[in-house]
Amino acid sequence: MKKLSLVMLLSLAMPPISILADKAPEVIKVTETISAPAGTKVALVDFGKAIFELEDAKDSMEKFKDFLEKFNKEADELFQKFMAEQKRIKEAGDDMSKEAKEKAQKDLTAMQADLQEKGQRYQELQMQAQQIPMDLEDAKRLEKELKDIVETLAKKNNIDLIVPQALYVKDSCNLTSEVVKMHNSDYKAKKAKTAKKDKKDEAKK
């Protein structure tokens with residue numbers, strides 16, 4: 001499974017957006033020196049902060065948490081079944097026929113292989129959860145949606161350059177809250193539309 005760093009995904013994966021326009025400069029001090037032409041308008045969008053304020057991301061994280069718990073429960077049930085079968089075979093001993101023993105051993109071997117596979121998969125999911133606690137496809141989708149919103153705001157406000165990090169920025173230059181607000185508004189509208197459609201489909205049954 002491909003691992004993504006949360007910082008890389010939400011901060012560094014978003015390159016500065018340049019839409020040059022002749023506007024008065026608004027300068028901010030950033031972690032790396034930015035050399036911009038005179039008249040460049042600069043703003044900040046803290047993607048690392050924004051992601052945890054998105055309602056969509058919160059829902060995705062909750063779904064991923066539920067998925068992990070369900071996966072762990074299924075693996076535990078399989079382990080208990082494996083142990084019970086192993087105990088049954090041992091207690092049966094010579095009372096089992098040769099054919100029955102061979103079949104039981106074959107079933108145990110298959111369960112053991114399944115357990116090993118599930119154990120490895122669970123470790124991978126836990127490592128992923130430590131980096132970004134949501135489905136990777138959801139993370140990629142959110143990255144694209146945030147980028148689209150940032151580009152829209154940049155064009156709307158005649159912003160030439162948007163940076164993901166800063167040591168200092170004026171409130172008027174920080175678009176993080178605006179990006180979160182726009183995304184949450186779109187997400188709530190989509191949820192309402194989906195819920196309405198589901199209700200209609202349910203009524204037809």
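A few notes on this one:
- Residues in the stretch 135-163 that are assigned to a loop (DSSP other than H, G, I, E, B) and modelled with pLDDT of 90 or more: Asn158, Ile159, Asp160.
- Meets criteria (under 15 Å from Phe47 (Cα atoms) and assigned by TED's automatic domain parsing to the domain that holds Lys49) for Ile149: yes
- Residue satisfying condition, being farther than 20 Å from Lys65 by Cα and over 31 Å from the mean Cα position of the chain (by Cα), within set Asp114, Asp107: Asp107
- Residue within the stretch 187-196 that is touching a residue at least 12 places away in the same chain (Cβ under 8 Å) and in a loop (DSSP other than H, G, I, E, B) present: no
- Which numbered condition Glu26 fails, given (1) at pLDDT below 65; (2) among the acidic types (Asp, Glu); (3) out of contact with any helix residue (DSSP H, G or I) (no Cβ under 8 Å at 6 or more places or on another chain): (3)
- Tally of residues being at pLDDT below 90 and buried (at least 16 other Cβ atoms within 10 Å of the Cβ) across the stretch 50-59: 1
- Remark: Glu69 matches the filter, which requires a residue to be loosely packed, with under 13 Cβ neighbours inside 10 Å and modelled with pLDDT of 85 or more.
The values are calculated or read from the model by the stated rules, or taken from the named source; none is laboratory data. This one's a predicted model, so the numbers in the text were calculated from it and none came from an experiment. Glycine gets a Cβ as well: all are built from the backbone with ideal geometry, and neighbour counts include every protein chain shown.
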